[in-house]
Structures are given as structure tokens and as C-alpha cells.
Amino acid sequence: MRLLIAGCGYVGTELGLRFGGPGHQVWGLRREPGSLPKPILPLAADLLDPKLSERLPPADHVVYAASADASDPDAYRAAYVDGVTNLLEALVEVGAPVERFIFVSSTAVYGDAAGGWVDEGTPPSPESFRGELVLEGERRVLSGPFPGVILRLGGIYGPGRTRLLERVRSGEARCPPGGSIWSNRIHRTDAAGILAHLLTREAPGEVYIGVDDEPASRCEVYRFLAELLDAPSPKEDTGATSSRSNKRCSNRRIRASGYHFSFPSFREGYRAMVAESS
Ligand SMILES: NC(=O)c1ccc[n+]([C@@H]2O[C@H](COP(=O)([O-])OP(=O)(O)OC[C@H]3O[C@@H](n4cnc5c(N)ncnc54)[C@H](OP(=O)(O)O)[C@@H]3O)[C@@H](O)[C@H]2O)c1
């Protein structure tokens, strides 16, 4: 496989490392590719560059995993709509023989479901510019020139992403008031594992959700981490809850396609993270 990972960061690098063996070539495209490990071939380019086609390698598979530089509509439009549109056009311009184009999306496209379950059959209903613009990126890929696959990831955690652990340790992580707010997550190993699975599987479907088996209330996760870290139990927040995305995402479709999770829930994932760092 000749794989181009466009936006080769936290997840993209983990994915690229899986395609280092014989018969594969993998390019990691980003603006600052200096830190990418072998065997990923660093490709310095800006996805928004009008001359992007001049920099493209002869890829036959593409994973688009760029993220926004800031949490505002302009940055989201640049990363999820303009960047992917420019890349699709550049690939057409060079006549790249792309057999599969995977777009890494987000469960934010579903917005709020009042704590109910959502799956790939649930119509997207974003509540913010984040979900709206990511959804627009999905549409560009699915209506684009190559066979497209969408992977909607939950919150990504794993080695090096330790902010939540630090917030629990310091007592800053507080339980939202008034009952459960569900959250959905995926370990980096499984995010990359699912992408590798979708790259190599014959005739995948168009849309998958990538989350682990166990949606959990934020408070349950905080309490589990507090125990794991021997930190004080999290206090309850006194202000109003700010969550507008209370939903439980189902991973039934990706499981049914034959993917086996390394970290089926936050418990296994965080235990491994804490064990590795101690
Ligand atoms: N983080 C989460 O919890 C979460 C949840 C759901 C979905 N996702 C999605 O999952 C995907 C992967 O996330 P991640 O955590 O691996 O992101 P990440 O570590 O931030 O990596 C994204 C990479 O994109 C590159 N990039 C951004 N703009 C670019 C541009 N204009 N041209 C070229 N490269 C560009 C950045 O590198 P340079 O700065 O060097 O260019 C960065 O390394 C993203 O699409 C993200 O939105 C994330």
C-alpha cells in the first residue's frame, strides 16, 4: 500500500507506524514533519496550499486526520472543509490512483441526544460550528472523486495526553451537577487500529463510529481515575452544566466488521497509561 496520511499527528503517526513493513510506503504530511519517526516519510506541506499538487506522492490510499489549529469557525473550516477539498482537487490534478480515502471525523456531528444512544443510522444533528463543519467535510469526501469512508471518533486519549489525569490529581476535575452526562472515548491504539482495519478490509461501509464499548458518565471516569491515582474523590460542581452533547455512541458496526479492541473501556486504557508512566 502507498499510504498518504494527511495531518499526521497523534493518531496519524500511530497509524503510520503500522505500515512500515515490506510492500508498504507511508508518507506523513504536515506543516512541521520533522519529528515523524521512521518508517514514516516526512512530507512538509500545507493542506491549504493552492500548489499542493506539486508536493503529492503517488499514494493509492489516503487517511485525512488533520485537526483545527484553534477552536473557532475559521480554523474548523480550514481544517475540515477547505483542507480536505484542496487535497481532493490536488489528488485529481495529479491523477493519483486513490482506491480509498478515509476522513477522520468526530462524534460531534451528532450533537446532543439527551443521554440516548446514537449509531451510524442516526441522522447527524450538530449543535455547534464544530460538528457542522466536520459534517461538511464528510460530505465533501463522500461526494468526491474517490471511494470514501468516514470514521467518527469519540474523545481520543492515550500516552502523552495526560491533561485529564492532571486535572483529577489536582482536584480540578469536578462532577457535573444534576446526574449523568455521558461521554464517549477511544484509546489512540484503537483509533489507529480501526483506521488500519478500514484501510485493509475489503469493501467497507461508508460510515463508522469509533468509540470503545463503554460510554461513561464523566463523573464515573473521574472517580475511577481518582481511585487509580490515589487522589481525592472529585467534588460536585455547583454551577450549571455546560454540556450540549449528552449521548451514548454505539460501536456495534465497527465490532461487527471484525475489529477487536485493545482497550474496550476507559478502565483498561487508563490502567495501562498509568502503569506505563509509573
Ligand atoms: N482529539 C480528540 O479527542 C478528537 C475527537 C474526535 C475526532 N478527532 C479527530 O481525529 C483526528 C486526529 O486527531 P489527532 O489528535 O491525531 O490530531 P493532532 O495530533 O492535532 O494531529 C493533526 C495534525 O494535522 C496537522 N495539520 C493541521 N493543519 C494542517 C495543514 N493546514 N496542513 C498540513 N497539516 C496540518 C498538524 O501538524 P502541523 O501543525 O505540523 O501541520 C497535526 O499534526 C482529527 O481529525 C481530529 O479532529 C479528534
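Taken about its Cα centre, region 165-273 carries a charge dipole of about 200 debye when Lys and Arg each add +1 at the Cβ and Asp and Glu each add -1 at the Cβ. Look at the alpha carbon pairs under 8 Å that are at least 6 residues apart: their mean separation over the length of region 95-218 gives a relative contact order of 30 percent. Summarising the strand pairing of region 119-278, around 25 percent of its internal DSSP beta bridges are antiparallel. When you count the other C-beta atoms within 10 angstrom of each residue and take the mean per peptide, 13-26, 94-107 line up highest first as 94-107, 13-26. To put it simply, the accessible area of region 32-181 at a 1.4 Å probe is 49 percent carbon and sulfur. Averaging the Cα positions of each part gives two centres, and for region 154-187 and region 203-278 these lie 8 Å apart. Computed over protein heavy atoms with a 1.4 Å probe, the accessible surface of region 133-278 works out to 47 Å² per residue.
The angle between the Cα long axis of helix 129-142 and the longest principal axis of the Cα atoms of the chain comes to about 30 degrees, rounded to the nearest 10.
Considering only TYR259, LEU135, VAL221, and ranking their Cα positions along the charge dipole of region 129-278 that arises from unit charges at the beta-carbon of Lys, Arg, Asp and Glu, the one farthest toward the positive end is LEU135. With contacts taken as Cα pairs under 8 Å and at least 6 residues apart, region 1-72 reaches a relative contact order of 40 percent.
Modelled spin-label separation between MET1 and HIS260, with each label point placed 7 Å from Cα along the Cα-to-Cβ direction: 1.9 nm. Only lysines eight or more places from LYS235 in sequence, or on another chain, were considered; none has a Cα closer than 21 Å.
Sequence gap at least 6, Cα distance under 8 Å: using those rules, report the relative contact order of the chain to the nearest whole percent.
18
The values are calculated or read from the model by the stated rules, or taken from the named source; none is laboratory data. Since this is a predicted model, take the numbers as computed values, not measurements. So basically every Cβ, Gly included, is an ideal-geometry build from the backbone, and we count neighbours across all protein chains shown. Areas reflect the complete protein model, heavy atoms only, side chains present, ligands, DNA and RNA absent. Shrake-Rupley method; radii C 1.70, N 1.55, O 1.52, S 1.80 Å.
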